[in-house]
Amino acid sequence: ASSASSASSASSPSSLLQPHHRHHHRCHLRLLNGQQWRGVSTSTAAAAPPSSSSGEEHGPLMLHPKFWQTLDDSGGPAHFWGEQARRHITWYHDFHTVQHHDTDRGIVSWFLGGILNASCASNCGRCNNVIPVVKPTNYSELHAHSANSQLHLKLAGVKQVSYSELHAQVCKLANVLKLAGVKKGDRVCLYMPMTPYVVYAMLACARIGAVHSVVFAGFSATSLRSRILDAGCKVVITADEAVRGGKRIPLRQTVADALASDGCADLVSTVLVQRRTGVEGGLRAGDIDLIDAMAKERPYCEPEMLFSEEPLFMLYTSGSTGQPKGLVHSTAGYMTQAAVTHRAIFDYQPGDVYACVADVGWITGHSYVVYGPLANGATTLLFESIPTYPDSGRYWEMVERYGINQFFTTPTAIRRLMKDADEFVTKYDRSSLRVLGSAGEPLNPEAWKWYHNVVGDGRCDIIDSWWQTETGAPMLAPLVGTNNHKPGAAMQPFFGITPAILNDDVRSAVLRACVYRNPSMARTIHGDHERYTSTYWGVYPGYYFTGDGARRDEDGHLWITGRVDDVINVSGHRMGTAEIESALLEHGGVAEAAVVGYPHDVKGQGVYAYVILKAGERVTAETADELKAAVRRSIGGLAVPDVIQITPDLPKTRSGKIMRRILRKIAANQYDDLGDVTTLSNPEAVTAIIDDHKAIH
Ligand code: ATP
Ligand code: MG
């Protein structure tokens, strides 16, 4: 599983890429036509690299003309990514080798020999460009507590940051970090609200070669402590308070609680505090006042020269399946893919206003609030609030106010907003919108349709992108302008991505999604390379194993069926959770559903469904039967839930994902053994579900 390809000649020496070379007509549609989509029947056979034998040719699709000009992967993935890296990234020194993989040892490397800095030149800090880029939307919330809060929300001035100001602020913050003793390779923990300072801090780390570890500023002291310790952060950057949804969140206090343990207090030498609200007592003895310290610094800091493979940042996964993993991303591979995908997957065109409302605490925020948009010189929007504050029209009011062209959120937010009247959406002008993005969980067809019809007036592209903290950028997504989107399907691989669906067992209905190679793949788990190698590269040698199930339909399009860990085995038939959940949503009265397996005397495993009804929906004697009928209609008798528990809430990670592993334990009566719950955002939901479960049984 070791190979390399050189930059000078993409058609040598890797035999792995030959299938692409054999079809050398200029056709970049091949990735769409199913050639790489293969089912392999045994796990050892699966280890073989992609071959040309399964090439099924579908008729040409009409692509958006823009892509004809910019993307062409007919030379194979290495050639494609090599070209893209040279086109989108500013290098101090060109790379000599596009990629080198030795996956047996968990070595993934791209653009070897290249030297760059992610905060520099056209990468993220174009110095002389005055396009406004960062528009935090709710400095107004600071005033939300004042008498006239509604008025402030509408009228408060919006802070815009130009690229030249961004550059100056990044340099100043970088100088502050240097003064605090931060050196190249040191990890810096960012526990900050969504204001321009978190962007300055990320890029300042990048500028001096330090590795940022952003922790979502909603995590508890315990979660923060374990992440500081695991990453070995000597410096923490935080704020006195955050303001979210009209509430103040005492960040500095939480940092103090996190540091109040021997290990952590000894490790962290410096706490830098951004005065966000200016609350009295917001800074503690020994703290550095970030804004004051920056004011004293020179607005220039010489960038550190970094080799391609040197780390840019580390980031913890959401913790849906267990203990979060601290994944480390490289500088060049990550930057290249973030820049290219931001442009191509979301159809970013110069001059557009791009809004990804994810928090920077998640990979989506890293790639599509910060690094991707800034690398493309885009106007990017920072969203500090929640979608339901002051009411469920918040996003769409923003769309109208800023003329947003691309809007990107999560299925959990969409399902939450769907519960309320469409009026919250339709009263705002959304004519600027072209692309509506989603990622993080399956976007069920019902939610897809609402997003498409109500938010997008039936005319915008819905881009349901499938990816992970590990992959850094989407692996699968529909292509803008192709008009062949299927609600609920992740559709097809992005250019230069080679996915495979592999299977241990021919009889199994649930197939595993794997990816061959891509530049923005995480390079290691911080402090545990062995876990990285075995988890991701040890399952199907030569392939990165995603942990998700997928199926390919008759047109060659891919559907994510849910996590492999969540697969339910009913009388020997294996089923993914996503399709049963979507079937429940088709009932019309269901806002959200989570399905798990539980021990069943006869069938081995039974299907247990937790269901949240839409606002105003009443539970009647027929509700359970109607829900079962909905599943029988769309999938069949085998998938019909044995138990349906109507619940007001579901346990979710702080990134908004349903934690099925907890629901599985409850369904199996294992209340005391719920596993790692530190990433849970709503523990009270678990208690309520356990009480109801006990009442049912
Ligand atoms: P952990 O790895 O700690 O268990 P996590 O997998 O939830 O947590 P993330 O990296 O934030 O952490 O999420 C990636 C996962 O989210 C994917 O593996 C997949 O299960 C799910 N996912 C992301 N996007 C989509 C999508 N568009 N459709 C379906 N599932 C998705
Ligand atoms: Mg995961």
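The values are calculated or read from the model by the stated rules, or taken from the named source; none is laboratory data. This structure is a prediction, so every number in the text was calculated from the model and none was measured. Ideal geometry is used to build each Cβ from the backbone, glycine not excepted, and the neighbour counts take in all protein chains shown.
Structure values in brief
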quantity	calculated
Check on Gly675, over 25 Å from Ser438 (Cα atoms) and free of Cβ contacts under 8 Å to residues at least 12 places away in the same chain	no
Hey, Gly458 more than 11 Å from ligand 1 (Cβ to nearest atom) and either charged (D, E, K, R) or free of Cβ contacts under 8 Å to residues at least 12 places away in the same chain (or both) or not	yes
Candidates Gly181, Gly218 - the one that is modelled with pLDDT of 95 or more and assigned to a loop (DSSP other than H, G, I, E, B)	Gly181
Tabulated pairs, the range 319-344, first in contact (Cβ under 8 Å) with a residue 60 or more places away in the chain, second among the aromatic types (Phe, Trp, Tyr) and within 15 Å of ligand 1 (Cβ to nearest atom), C-beta under 7 angstrom, 6+ apart or interchain	Pro324/Tyr316; Lys325/Tyr316; Gly326/Tyr316; His329/Phe313; Thr341/Phe494
Qualifying positions in the range 456-472 - assigned to a loop (DSSP other than H, G, I, E, B), more than 16 Å from ligand 2 (Cβ to nearest atom) and among the acidic types (Asp, Glu)	Asp457
Residue identified as touching a Leu at 6+ places or on another chain (Cβ under 7 Å) and closer than 29 Å to Ala522 by Cα among Gly488, Gly456, Gly472	Gly488
Long-range neighbours under 8 Å by Cβ, at least six apart or interchain, first residue among the polar types (S, T, N, Q) within the range 425-448, second away from ligand 2 (no atom under 16 Å from the Cβ) and assigned to a strand (DSSP E or B)	Ser432/Val353; Ser438/Phe408; Ser438/Thr409; Ser438/Ile462; Ser438/Ile463; Ser438/Asp464
Residue count for the range 509-552, restricted to those that are part of a loop (DSSP other than H, G, I, E, B), within 15 Å of ligand 1 (Cβ to nearest atom) and of a type in the set (A, V, I, L, M, F, W, C)	4
Residues satisfying the stated conditions in the range 303-331, i.e. near ligand 1 (Cβ under 10 Å from one of its atoms) and polar (S, T, N, Q)	Thr317, Ser318, Ser320, Thr321, Gln323
All positions within the range 434-451 that are farther than 22 Å from Trp467 by Cβ and either modelled with pLDDT of 95 or more or in a loop (DSSP other than H, G, I, E, B) (or both)	Lys449, Trp450
Unmet criterion (only one of (1) out of contact with any strand residue (DSSP E or B) (no Cβ under 7 Å at 6 or more places or on another chain); (2) at negative phi; (3) of a type in the set (Gly, Ala, Ser)) for Ala667	(1)
Residues of the range 476-486 satisfying the condition of being more than 16 Å from ligand 2 (Cβ to nearest atom) and either surrounded by 24 or more Cβ atoms within 10 Å (Cβ to Cβ) or at pLDDT 90 or above (or both)	Ala477, Pro478, Leu479, Lys486
From Thr277, Thr254, Thr270, residue being of a type in the set (S, T, N, Q), away from ligand 2 (no atom under 16 Å from the Cβ) and surrounded by 22 or more Cβ atoms within 10 Å (Cβ to Cβ)	Thr254
Residue within the range 145-157 that is surrounded by fewer than 14 Cβ atoms within 10 Å (Cβ to Cβ), at pLDDT 65 or above and in a loop (DSSP other than H, G, I, E, B) present	no
Members of the range 591-603 that are part of a strand (DSSP E or B) and not β-branched (Val, Ile, Thr)	Ala591, Glu592, Ala593, Ala594, Gly597, Tyr598, Pro599, His600
Lone unmet requirement of (1) modelled with pLDDT under 95; (2) more than 10 Å from ligand 1 (Cβ to nearest atom); (3) under 17 Å from the mean Cα position of the chain (by Cα); (4) within 30 Å of His529 (Cβ to Cβ) for Gly496	(3)
Number of the exception - Asn569 against (1) in a helix (DSSP H, G or I); (2) surrounded by fewer than 24 Cβ atoms within 10 Å (Cβ to Cβ)	(1)
Count - residues of the range 399-429 that are farther than 20 Å from Lys657 by Cβ and surrounded by fewer than 21 Cβ atoms within 10 Å (Cβ to Cβ)	13
Filter result for Gly547 (on the phi > 0 side of the Ramachandran plot and within 15 Å of ligand 2 (Cβ to nearest atom))	yes
Spans of strands (runs of 3 or more DSSP E) in the range 295-377 with at least 1 residues within 16 Å of ligand 2 (Cβ to nearest atom) and more than 30 Å from Asp461 (Cα to Cα)	311-316, 326-330
Which numbered condition Thr409 fails, given (1) under 25 Å from Met202 (Cβ atoms); (2) more than 16 Å from ligand 1 (Cβ to nearest atom)	(2)
Of all residues in the range 604-644 being assigned to a strand (DSSP E or B) and in contact with an Asp or Glu (Cβ under 6 Å, 6 or more places away or on another chain), the one that is farthest from ligand 2 (Cβ to nearest atom)	Gly606
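A quick yes/no check of all residues on (1) more than 19 Å from Ala550 (Cα to Cα); (2) more than 27 Å from the chain's Cα centre (by Cα); (3) among the aliphatic types (A, V, I, L, M); (4) buried (at least 17 other Cβ atoms within 10 Å of the Cβ):
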site	(1), (2), (3), (4)
Leu584	yes, no, yes, yes
Ala591	yes, no, yes, yes
Val596	no, no, yes, yes
Pro648	yes, no, no, no
Thr653	yes, no, no, yes
Ile658	no, no, yes, yes
Asp672	yes, yes, no, no
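A quick yes/no check of all residues on (1) closer than 16 Å to Leu558 by Cα; (2) within 16 Å of ligand 2 (Cβ to nearest atom); (3) of a type in the set (Gly, Ala, Ser); (4) surrounded by fewer than 24 Cβ atoms within 10 Å (Cβ to Cβ):
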| site | (1), (2), (3), (4) |
| --- | --- |
| Pro445 | yes, no, no, yes |
| Val454 | no, no, no, yes |
| Pro474 | yes, yes, no, no |
| Gly488 | yes, no, yes, yes |
| Ile501 | yes, no, no, yes |
